[in-house]
Amino acid sequence: MNIDEFRLHGHAMVELVADYLDQLPQGPPWRPVPPEVRAELADQQLPVEGRPFGELIDVSANLVMPYPFGNGHPRFFAWGNSPPALEGVLADLLAAAMNPSCAGGDHAAVYLERCTVRWLAELIGYPGDGVLVSGGAAGALTALTAARHRASVRQGWNDRTDGFTGEAAGRFRLYASAETHSCQRKAAHLLGLGDRGLRLLPADPDGRLDATALAAAVREDRAAGLLPFCVVANAGAVSTGAVDPIADIAQLCDDEGLWLHLDGSLGGFGVLDPRRAPLYQGMERADSIVVDPHKWLGVPVDCAAVLTLDLDDLRDAFSLVPPYLRASSGEDPWFSEYVFDQTRPFRALKLWATVAGTGRTEIARRITATIDLAARLADRIDAEPDLDVVVSPTLNVVTFRHRAGDDINRALPSALDRLGDVFLRGTVVNGQEVLRACFMHPGTTPDDVDRIVPAVLAAAAQLTHP
Ligand SMILES: *Cc1c(COP(=O)(O)O)cnc(C)c1O
């Protein structure tokens with residue numbers, strides 16, 4: 001493509017994208033990909049000669065854009081995926097055009113990353129600093145790697161040079177609630193702790209980690225000769241949005257010399273709702289926290305941040321500077337000294353454009369408004385005899401259930417897909433199959449929310465009286 005063709009196709013592409021975004025709410029939140037489209041997309045032949053870009057735009061318009069994941073739609077209530085902030089969509093074009101590696105160096109992207117990470121810390125009131133990563137899962141692995149390293153060194157050996165093996169390694173223990181996200185467990189696997197090294201504690205009926213049970217578990221393990229080293233607490237549990245008792249857990253971690261990691265991937269920004277802020281007290285004492293701007297802030301995927309009170313904890317765990325990657329004199333240390341990745345994308349521009357273009361006041365208003373939508377849904381469910389709220393919403397998530405039993409509840413998401421008015425997914429809470437609605441979209445209206453209960457009742461009626 002030459003630059004004149006780029007201009008031409010670029011203008012056409014912006015029109016196409018604007019029409020797509022504009023018309024999205026009029027269609028269903030999601031539609032299945034027909035088998036012939038799946039094949040047409042997946043089975044394409046590798047082109048021997050390049051094809052005209054106009055043709056590729058046509059393929060995108062006809063085969064790609066009609067089958068989205070669903071998260072751009074105001075009645076998509078599944079998982080933790082938001083619509084993209086328009087500022088972020090455009091910024092990503094510019095970021096791709098510059099295409100730097102944000103491993104480090106002296107170029108604009110590096111300073112924008114430092115700025116945006118500081119903004120994130122300031123936004124949530126966390127007195128630390130950090131780096132951008134691809135998501136909550138990468139953030140968890142990054143933070144827990146640092147926690148493991150600090151604890152090994154305190155035990156008198158170095159996991160980086162000696163390996164995480166041997167008798168003491170087998171006694172390391174990490175703690176989290178049963179409601180912790182699966183990525184924490186994956187991190188435990190990758191870090192050589194295994195499930196054996198991860199002690200999952202039961203959550204209370206509201207999905208919160210019981211700090212007293214945690215304290216008892218840590219003391220019991222210590223008495224048995226084990227080595228507690230880290231606690232992962234939820235600032236917004238994935239299934240329920242529950243916020244663990246952070247202040248109590250932070251106190252325990254202080255007393256016991258444990259690393260406290262907060263998983264704020266889903267709910268870290270909930271602290272911006274003044275009514276919820278007290279729940280986050282103690283957050284400022286956490287050794288590390290992960291927040292996910294690609295969730296509640298709507299920054300286009302991928303964009304998360306891992307923040308630590310002491311950035312040297314990350315550097316101690318990750319820094320490895322071969323001669324071909326040495327910083328030039330006068331340069332700050334490279335980001336690649338703080339994380340696993342080497343070549344890193346320019347995430348900061350879309351984050352900067354989204355946060356700067358929205359502003360703190362409007363960000364906080366959106367957080368508060370989506371929390372209100374969850375409360376509204378809980379009220380609608382309370383008024384319906386066939387449905388029960390399972391965990392009352394703290395943040396932007398509602399879990400609820402039809403009285404018809406586990407089989408029906410498990411089948412409801414697919415039945416709702418067939419009706420096509422709202423998109424929900426389920427989970428298991430307190431041993432029961434539930435539906436889960438999560439509100440991330442700033443364009444979701446109270447009327448959109450009020451369509452959930454009738455849709456669920458209609459889908460349940462189809463399942464019970466086919
Ligand atoms: C989404 C989520 C994660 C994982 O984050 P990704 O950005 O998907 O990698 C971790 N923890 C919680 C609570 C989440 O909601």
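The values are calculated or read from the model by the stated rules, or taken from the named source; none is laboratory data. Being a predicted model, the structure only gives us computed values, none of them experimental. Note that we place each Cβ from the backbone using ideal geometry, even for glycine, and neighbour counts take in every protein chain shown.
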Look through 403, 380 and report the one residue that is at pLDDT 95 or above, of a type in the set (Lys, Arg) and over 27 Å from residue 244 (Cα atoms). 403
Considering (1) farther than 27 Å from residue 215 by Cα; (2) in contact with a Cys (Cβ under 8 Å, 6 or more places away or on another chain); (3) charged (D, E, K, R), say which one residue 118 fails and leave the rest. (2)
Is there a residue in region 290-309 that is surrounded by fewer than 23 Cβ atoms within 10 Å (Cβ to Cβ) and more than 18 Å from the chain's Cα centre (by Cα)? yes
Can you spot a residue in region 67-85 that is in a helix (DSSP H, G or I), of a type in the set (A, V, I, L, M) and either modelled with pLDDT of 95 or more or more than 16 Å from the ligand (Cβ to nearest atom) (or both)? no
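Results for (1) at pLDDT below 95; (2) surrounded by 21 or more Cβ atoms within 10 Å (Cβ to Cβ); (3) over 25 Å from residue 101 (Cβ atoms), shown as yes or no for each residue.
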{"site": "124", "(1), (2), (3)": "no, yes, yes"}
{"site": "133", "(1), (2), (3)": "no, yes, no"}
{"site": "138", "(1), (2), (3)": "no, no, no"}
{"site": "154", "(1), (2), (3)": "no, no, yes"}
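Table: residues versus (1) more than 14 Å from the ligand (Cβ to nearest atom); (2) crowded, with 24+ Cβ neighbours inside 10 Å.
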residue: 219; (1), (2): yes, no
residue: 225; (1), (2): yes, no
residue: 243; (1), (2): no, yes
residue: 250; (1), (2): yes, no
residue: 253; (1), (2): yes, yes
residue: 262; (1), (2): no, yes
Test: residue 367 is of a type outside the set (Ser, Thr, Tyr), within 16 Å of the ligand (Cβ to nearest atom) and either over 18 Å from residue 437 (Cβ atoms) or at pLDDT 95 or above (or both): yes
Evaluation of residue 142 against (1) within 16 Å of the ligand (Cβ to nearest atom); (2) in a loop (DSSP other than H, G, I, E, B); (3) more than 21 Å from residue 239 (Cα to Cα) (one fails), failing number: (2)
Here the residues within region 376-392 that are in a helix (DSSP H, G or I), surrounded by 15 or more Cβ atoms within 10 Å (Cβ to Cβ) and either free of Cβ contacts under 8 Å to residues at least 24 places away in the same chain or over 24 Å from the mean Cα position of the chain (by Cα) (or both) are 378, 380, 381
In region 176-286, which strands (runs of 3 or more DSSP E) lie fully inside it and hold 1 or more residues that are touching a residue at least 12 places away in the same chain (Cβ under 8 Å) and of a type in the set (Gly, Ala, Ser)? 227-234, 259-264
May I ask you to list the residues in region 376-399 that are out of contact with any helix residue (DSSP H, G or I) (no Cβ under 9 Å at 6 or more places or on another chain) and among the β-branched types (Val, Ile, Thr)? 390, 391, 399
